[in-house]
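Participant: Sending over a structure as structure tokens; questions will come in a sec.
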């Protein structure tokens, strides 16, 4: 009797397992496909692609600053406990890379500027202490791969001021600034500086950026600027990134909404207040999220390729026709999205039209080639992706 009862229990368990397995067959298949196609960590933890000023590609990793010829990689600066680079920029005109390090003696969490030669023997400078005529005192927030430093300080007339500045001959020069008196930023702090995906190394006069601030009460102010002019984007929510397609500006919020902000042209005094929602993707994005736009060869449809905050999410494409006020979404696991299912994208560089280098936190660097006509097709017809570290220059 005991044996029969034992068999009965075993049969019941097996039956339950079969039901569970059958109900979850599709999910399991998707999971196994993701595991089989995801790329293993390669031991390189990328931080930034700094660009390709000549024939060599410069980048930063957790180990330091390097460049590659495509066949040989050379490290020109090694991170140490006293000199760990936070951000960098290739100053090719002066044969150096400018970079930031933490200042352990700072009471304002400011960074220090250093440089390293791009010509052997790759000498690292001591701390640079640039002067800045615009502000009586300042701290350095960040350095971007387009050569702009983000500084915060006090202006004699306008009070609290944020400045995007360039560096030369041991001095900062203001390019565009935002202050308490003119822009109402007395109780605001810097939220983000957004740069279009793949175009991060292009100068602000050619490739506009968006500078965002958040108040103590959680309200947002966004400024779209090319350095010479700046315009307010009236959208009180956190932005993830933007792209320009067909001479129109599109905004992506961190809660996954896509907005059409109209003409991308910057004219003095134009207020980008007529933004219109196109889709809510139900995705969550970080600031400076991957957001790359392509256009059909026929010029009647646009596709915006994104990567959400979750590294396990595939690429997600938002598509719309020129005449449409709404967009559709599609997950991409094949073609150009083949190796990015389980990767955290940290930086990108546009080699050519619809051709990108994409650096990840742990899975290496990939080269993507996108076919615009089928960019929203979840199939191998949408383009290609070379395997990790198999990119070309």
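Participant: Can you list the strands (runs of 3 or more DSSP E) lying wholly within segment 302-392 that have 3 or more residues being surrounded by fewer than 22 Cβ atoms within 10 Å (Cβ to Cβ)? Explain how you work it out, then say what you get.
Facilitator: Values: elements: 315-321, 328-332, 345-352, 355-360, 365-370, 383-385.
Filter on segment 302-392 gives 315-321, 328-332, 345-352.
Participant: Only one of these is within 18 Å of residue 370 (Cβ to Cβ) and either out of contact with any helix residue (DSSP H, G or I) (no Cβ under 6 Å at 6 or more places or on another chain) or part of a strand (DSSP E or B) (or both): 265, 289, 240. Name it. Working first, answer last.
Facilitator: Details: 265 fails: within 18 Å of residue 370 (Cβ to Cβ); 240 fails: within 18 Å of residue 370 (Cβ to Cβ).
Checking each option against the conditions leaves just 289.
Participant: Suppose the filter is modelled with pLDDT of 95 or more and within 22 Å of residue 170 (Cα to Cα); does residue 112 pass it?
Facilitator: Judged against the criteria, residue 112 is a match.
Participant: Sticking with this one: Residue 264 - would you say it is touching a strand residue (DSSP E or B) at 6+ places or on another chain (Cβ under 9 Å) and either surrounded by fewer than 17 Cβ atoms within 10 Å (Cβ to Cβ) or free of Cβ contacts under 8 Å to residues at least 40 places away in the same chain (or both)?
Facilitator: Working: touching a strand residue (DSSP E or B) at 6+ places or on another chain (Cβ under 9 Å): yes; either surrounded by fewer than 17 Cβ atoms within 10 Å (Cβ to Cβ) or free of Cβ contacts under 8 Å to residues at least 40 places away in the same chain (or both): no.
No.
Participant: Within segment 65-83, take every residue that is assigned to a loop (DSSP other than H, G, I, E, B) and either within 21 Å of residue 200 (Cβ to Cβ) or touching a strand residue (DSSP E or B) at 6+ places or on another chain (Cβ under 6 Å) (or both) and give me the one that is modelled with the lowest pLDDT.
Facilitator: Filtering segment 65-83 for residues that are assigned to a loop (DSSP other than H, G, I, E, B) and either within 21 Å of residue 200 (Cβ to Cβ) or touching a strand residue (DSSP E or B) at 6+ places or on another chain (Cβ under 6 Å) (or both), the one modelled with the lowest pLDDT comes out as 70.
Participant: A further question on this structure: In segment 330-361, what residues are over 23 Å from residue 194 (Cα atoms) and at pLDDT 95 or above?
Facilitator: Across segment 330-361, the qualifying residues are 330, 331, 332, 333, 334, 335, 336, 337, 338, 339.
Participant: Taking segment 40-64 on its own, how many of its residues are part of a strand (DSSP E or B) and surrounded by fewer than 22 Cβ atoms within 10 Å (Cβ to Cβ)?
Facilitator: So the count comes out to 4.
Participant: Residues in segment 98-112 that are under 24 Å from residue 76 (Cβ atoms) and surrounded by fewer than 20 Cβ atoms within 10 Å (Cβ to Cβ): how many? Can you show your working first?
Facilitator: Kept after step one, since they are under 24 Å from residue 76 (Cβ atoms), are these residues of segment 98-112: 98-104, 111-112.
If we keep only those that are surrounded by fewer than 20 Cβ atoms within 10 Å (Cβ to Cβ) too, we end up with 101-104, 112.
Number of matching residues: 5.
The values are calculated or read from the model by the stated rules, or taken from the named source; none is laboratory data. Note that this is a predicted model, so its numbers are computed, not measured. Positions of Cβ are backbone-derived with ideal geometry, glycine not excepted, and every protein chain shown enters the neighbour counts.
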